[in-house]
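Here is the structure we will look at.
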Amino acid sequence: MFAFILAAVLTQSPVAPAEPSPPPAPGTREAAPAVQLSSLPPATHELFQRIEGQVAQVRIIERRSGTRSSIGSAFFVSAAGHVVTNYHVISDVVIHPEDYTAELVLKGGAEPVPVRLVDVDVVHDLAIIQTATPVQSFFDLDDREPPQGARLFAMGNPRDLGTTIVEGTYNGFIHDALYERLHFSGAINPGMSGGPTLTGEGRVVGVNVATMGNQVGFLVPVKHARELLARALEAKDSGAQALLDTVRAQLLDNQQRVTERLLSAPVPQQSLGSYRVPGRWGTFLKCWGDTPHDPEVPYTVTNYQCSSEEDIFVSSRHRTGVVAFLHQHATSQKLGALRFSALYSALFSQDPDSVEATRQDVTNYRCQSEFVDVAGLPVRAALCMRAYRKFPGLYDLVLRAATLNASTSGVDTSLTLAGFTADNGRKLARRYLEGLSWTK
């Protein structure tokens with residue numbers, strides 16, 4: 001969905017006070033006061049030299065071949081050798097510990113250092129790993145947000161080219177986001193995920209996580225890294241199953257939060273022909289619509305869809321934490337009832353877009369179909385669910401429904417929920433159906 005990013009730190013060196021200047025000669029204009037060098041941010045090369053050793057490359061090693069399968073970035077945050085990176089960088093070690101391990105490449109390109117995985121925050125895409133030996137230099141995690149427009153510096157290892165520093169601008173929190181992200185305007189490239197982004201004074205304010213290209217980057221707010229580090233400093237050695245249990249607990253907590261948010265208010269309705277359908281259910285949803293125009297086609301299908309644009313990265317082939325729905329309003333003045341019925345059935349039989357997952361991640365869908373009455377509107381509905389194999393109690397759910405009250409018009413709709421409990425999925429599906437009505 002997104003590509004990956006980078007990070008860095010800046011500090012100022014002391015500057016000796018300037019000698020006082022003589023007064024201007026009579027009849028001459030006084031020069032503007034000189035800018036004190038101590039008020040300027042340090043040169044980028046000074047910053048880079050000071051903190052380069054606190055940033056490392058993460059390598060994920062495939063055990064059978066003994067070679068790396070992916071890379072990312074990370075940075076030291078404690079004298080005990082704790083290192084922050086992205087969850088998606090080390091996800092293979094969590095999901096398939098029998099097949100993958102992780103190591104760090106430090107400044108100077110010496111022999112890689114083995115690390116152990118201490119704790120994760122899958123919802124905010126963070127992880128803590130740790131080296132076996134203490135370190136002398138590490139970053140402090142800031143407890144303040146920089147002002148809008150502040151100059152920031154991101155560091156990481158783009159495309160395996162070595163440690164890099166990039167300048168950019170802080171643009172605050174992404175509005176109406178389901179998962180908190182900061183907007184960073186700077187050049188971000190794959191391999192920089194997990195690196196730090198810092199102010200000119202050397203304070204870490206975010207963790208590189210994703211990019212949309214064209215200097216549109218995203219950071220995880222540093223407060224989440226602080227919280228994860230606090231847990232990691234208290235954590236005991238945890239095995240592979242304990243980490244999977246942690247991911248499961250975090251996904252369960254997240255889906256409960258999203259469910260409560262969606263159920264806290266009635267579903268808003270959107271007009272679609274002579275029908276009313278669920279509209280923008282939450283501020284985190286982005287909605288758009290379209291009606292293709294083809295004079296050769298004897299019917300019209302208007303699409304209206306909404307989706308959360310963020311998701312949760314579980315593994316390279318499994319995403320979750322998605323809320324999405326699609327309405328298709330079909331109508332015809334040229335087709336008779338029989339031919340329209342065939343068209344309408346074809347719409348209902350189409351498979352909706354499915355959330356990315358493999359057979360190793362989820363079971364096959366199991367569906368139940370029935371005819372229901374929604375406040376007097378007859379509807380055919382099918383509810384399909386598939387279970388998560390590694391995280392018991394979590395499911396992907398797809399609801400398909402079609403109105404049956406008219407012979408040459410109708411609404412076919414689908415709701416997709418990824419990573420919810422069966423009970424919460426059914427509650428949301430019922431509330432969604434309640435948003436259907438006929439206005440004629």
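Out of everything in the stretch 358-387 that is on the phi < 0 side of the Ramachandran plot and in contact (Cβ under 8 Å) with a residue 60 or more places away in the chain, what residue ends up being most open to solvent (accessible area, probe 1.4 Å)?
Among those residues, the one meeting the criterion is VAL372.
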Q) Has the stretch 290-311 got at least one residue that is closer than 30 Å to HIS96 by Cβ, in a strand (DSSP E or B), in contact (Cβ under 8 Å) with a residue 12 or more places away in the chain and open to solvent by 20 Å² or more (accessible area, probe 1.4 Å)? A) yes
Q) What are the residues in the stretch 182-206 that are touching a residue at least 60 places away in the same chain (Cβ under 8 Å), in a strand (DSSP E or B), of a type in the set (A, V, I, L, M) and in contact with a Leu (Cβ under 6 Å, 6 or more places away or on another chain), if any? A) VAL204
Q: Read through the list (1) touching a helix residue (DSSP H, G or I) at 6+ places or on another chain (Cβ under 9 Å); (2) closer than 26 Å to PRO134 by Cβ, then give the number of the only condition that LEU262 fails.
A: (2)
Q: Give me the pairs, please: first residue somewhere in the stretch 222-239 and open to solvent by 20 Å² or more (accessible area, probe 1.4 Å), second residue anywhere and modelled with pLDDT of 95 or more and not hydrophobic (A, V, I, L, M, F, W, C), beta-carbon distance under 6 Å, and either six or more positions apart or on two chains.
A: ARG231/ASP119; ALA235/ASP119
Q: Give the stretch 138-156 a look and list any residue that's among the hydrophobic types (A, V, I, L, M, F, W, C) and out of contact with any Pro (no Cβ under 8 Å at 6 or more places or on another chain), or say none.
A: PHE138, LEU141, ALA150, PHE153
**Q.** Single match in VAL166, VAL135 (criterion: open to solvent by less than 80 Å² (accessible area, probe 1.4 Å) and in a loop (DSSP other than H, G, I, E, B))
**A.** VAL135
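The values are calculated or read from the model by the stated rules, or taken from the named source; none is laboratory data. No experiment lies behind these values; they were computed from the predicted model shown. Counting neighbours? That spans all protein chains shown, and the Cβs are built from the backbone with ideal geometry, glycine included. Keep in mind that these areas ignore ligands, DNA and RNA; they rest on the heavy atoms of the full protein, side chains included. Shrake-Rupley method; radii C 1.70, N 1.55, O 1.52, S 1.80 Å.
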